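Below is one structure, written out as structure tokens; comments come after it.
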Amino acid sequence: MIRQFLSLLFILALPAASAADLPGIPAFIDEMVSKHQFKREELVQIFHEAQLRQDIIDAMNAPATLKPWLEYRAGFVNPQRIDGGIKFWLKHADALKRAEKLYGVPQEIIIAILGVETLYGRNAGNFRILDALTTLSFDYPRRVDFFRNELEQYLLLAREQNFDILNIHASYAGALGIPQFMPSSYRKNAVDFDGDGKIDLMTGADDAIGSVANYLRQYGWKAGEPVAVRAKVEDGVHPDDVGAARSLSAWEALGVSPEGNVAGGVYAYLLDFTLPVGKEFWFGFNNFAVITTYNNSSYYAMSVYQLAVELRKAANQYGLSRRAPL
């Protein structure tokens, strides 16, 4: 037993393997030099410092065991995130009001995304992004093109933002900062919302607020339109088109109607969520689909939406707004 324990300690103490000799890195360096005028010797040194992380591969390969809906929801729509969201709202009220006015995205949606993603910046990732993206670009064949592009974008981002390239941390998939933007989204959608002349999603809450709102608008958020509403399925109707999009009038002709006042011509996706007592049906609208561009999961988007609803209810008690919940 002692020998096994000492062997385990020895294995755990081994440094992560260098990624410098992974096939493909020399060609990638050539491309970055010719395409973006990086200095070859600097990139060689950077990749010499990069580490191949088996734990990142393991995390990506972990079985995608989906929790039951209510268990998944409880991880995000809970007192910790509601209380934390209200504190965040009170602290950054001016920036949130300004973002809603400029981009048309409700304040509670912005806060809910930050709450679900990183608990308002508290859990933004513990992996060096250089290690994560290098490992996934050159030792993870399933999504090599995606991650190699993100590695390219990270090197460009680091140069633009004057990052300490070896000491920026992210999620194991390479998502950065308070809003968990991938490097390509950081470069495309992040904004300097506090006007200090730089874009800081790592510690800058105002920049994170403006960037999330800008991201959602760029992907098609429509101000004033609904996100989701419960759907009522008539007795004897067994909808088999979950995920399909139709106008509400067409859904109503099939025996499925919204539990609320929504224009009949609006297109909606039918969603179902399994409960211990059966199915719960919802209509998701354009803005619901926009939230899924952040994370392509109906569970994720519904958690964001329902956390936003709870935040709005709580916010009214603090005088932050008298508007009704979404």
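The values are calculated or read from the model by the stated rules, or taken from the named source; none is laboratory data. Note that the coordinates shown come from a computational prediction; the quantities given were computed from them, not determined experimentally. Reconstructed Cβ throughout: ideal geometry from the backbone, glycine too, with neighbour counts over all protein chains shown.
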| said: Quick check on region 255-263. Is at least one of its residues more than 25 Å from the chain's Cα centre (by Cα), under 30 Å from residue 120 (Cβ atoms) and not assigned by TED's automatic domain parsing to the domain that holds residue 110? | reply: yes
| request: From the list 245, 263, pick out the single residue that is touching a helix residue (DSSP H, G or I) at 6+ places or on another chain (Cβ under 9 Å), among the hydrophobic types (A, V, I, L, M, F, W, C), more than 26 Å from residue 297 (Cβ to Cβ) and surrounded by fewer than 20 Cβ atoms within 10 Å (Cβ to Cβ). | output: 263
| field | Selection from region 86-120 of residues that are surrounded by 24 or more Cβ atoms within 10 Å (Cβ to Cβ) and of a type outside the set (A, V, I, L, M, F, W, C) | value | 106, 107, 108, 115, 117
| task | For residues that are charged (D, E, K, R) and in a loop (DSSP other than H, G, I, E, B), scanning just region 287-323, find the one that is modelled with the lowest pLDDT. | result | 322
| request: Take region 155-214 and flag every residue that is of a type in the set (Asp, Glu) and either surrounded by fewer than 24 Cβ atoms within 10 Å (Cβ to Cβ) or within 24 Å of residue 49 (Cα to Cα) (or both). | output: 160, 164, 192, 194, 196, 200, 206
| request: Using the structure shown, decide if residue 195 is modelled with pLDDT under 95, more than 18 Å from the chain's Cα centre (by Cα) and outside any helix (DSSP H, G or I). | output: no
